[in-house]
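Taking it in order: structure first as structure tokens, then the write-up.
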Amino acid sequence: MVTSNLRYLRKQAGFTQAQLAEKLDIKRSLVGAYEEGRAEPKLSTLVNISKLFDVSLDQLITVDLSVDGIQSSSGSGSAGGKLRVLAITVDEDQRENIELVPHKARAGYLNGYADPEFIEELPRFRLPMLGNTGTFRAFEISGDSMLPIASGAVIVGQFIEDWASIKDGTPCILVSEKEGVVFKRVYNKIKDSSVLRLHSDNPVYSPYEIGVEDVLEIWEAKSYISSSFPIADLSLDKLSSIVLDLQKEVQKLKKAE
């Protein structure tokens with residue numbers, strides 16, 4: 001049972017074998033051996049696994065967690081009372097992919113976000129500049145609430161486990177039962193009132209609050225991909241500055257003649 005449970009817990013937490021080995025302070029090859037049933041973890045390692053994933057030793061050893069689910073050994077879950085489960089995919093070198101949630105798949109994502117089979121069906125890619133730490137996912141956004149980032153852009157976000165650590169003004173993709181998938185700047189009110197205040201960059205849209213009990217996932221925006229370049233700032237002051245600079249350049253050229 002430990003063999004299947006360890007593999008299940010690792011994948012649900014979004015760890016590669018190397019990342020789990022680092023957290024348990026053991027060799028990566030041992031994680032592979034445990035998951036394949038070629039070796040049995042020592043009691044001290046089992047205790048560390050239990051603490052890391054917040055499950056009891058009894059559950060870890062005797063219960064098929066992939067069927068019965070995970071019950072927190074401490075009795076406390078994550079923000080909003082949920083234990084967040086993260087499904088991921090990896091390439092042939094055990095490196096995590098970036099799964100793309102296109103607009104047409106957003107409705108299905110609300111039900112399949114923790115389903116490994118659903119995640120496996122999503123398009124996936126890699127962006128080397130993001131590094132090898134953390135779990136990333138990409139979401140196609142729609143609407144103009146976050147201009148100058150245009151509708152149709154793809155936001156690449158990093159999974160946030162500890163919502164209480166979110167700093168005010170952080171741009172995030174939020175997945176919630178009521179709002180679906182939205183891209184907003186988050187202002188953290190969890191400590192005071194268990195809500196997140198969501199702001200748009202487009203001032204036409206008013207801020208609003210969402211309770212953490214309705215939130216399923218939060219991904220901090222790290223990059224975006226778009227076929228539309230941001231619209232230039234062509235305000236009257238900007239145009240005046242451009243004209244003044246051109247006049248200065250013309251005068252310099254005349255003096256040089």
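So, restricting to helices (runs of 4 or more DSSP H) that lie completely within region 1-67, which ones have at least 3 residues that are among the charged types (D, E, K, R)?
Hits in region 1-67: 2-13, 28-36.
Scan region 174-196 for residues that are over 13 Å from W163 (Cα atoms), assigned to a loop (DSSP other than H, G, I, E, B) and hydroxyl-bearing (S, T, Y) and the total you get is 0. Scanning region 148-173 for residues that are assigned to a loop (DSSP other than H, G, I, E, B) and under 24 Å from A107 (Cβ atoms) turns up I149, A150, S151, G152, A153, I160. Taking the listed residues V204, V186, the one that is in the same structural domain as R126 (by TED's automatic domain parsing) and buried (at least 18 other Cβ atoms within 10 Å of the Cβ) is V186, with no other qualifying. So, in region 177-196, exactly how many residues are touching a Leu at 6+ places or on another chain (Cβ under 6 Å) and farther than 15 Å from G143 by Cα? Adding up the residues that qualify gives 1. For F118, indicate whether it is without any contact (Cβ under 8 Å) to a residue 40 or more places away in the chain and more than 28 Å from E22 (Cα to Cα). Considered against the rule, which asks whether it is without any contact (Cβ under 8 Å) to a residue 40 or more places away in the chain and more than 28 Å from E22 (Cα to Cα), F118 comes out as yes. Looking across region 154-190, the residues that are among the small types (G, A, S), modelled with pLDDT under 95 and either out of contact with any helix residue (DSSP H, G or I) (no Cβ under 9 Å at 6 or more places or on another chain) or farther than 16 Å from Y208 by Cβ (or both) come down to A164, S165.
Against the definition (part of a loop (DSSP other than H, G, I, E, B) and either loosely packed, with under 14 Cβ neighbours inside 10 Å or without any contact (Cβ under 8 Å) to a residue 40 or more places away in the chain (or both)), how does G108 come out, yes or no?
no
The values are calculated or read from the model by the stated rules, or taken from the named source; none is laboratory data. Small disclaimer: the values here were computed from a predicted structure and weren't measured. Cβ sites come from the backbone with ideal geometry, for glycine too, and all protein chains shown count toward neighbours.
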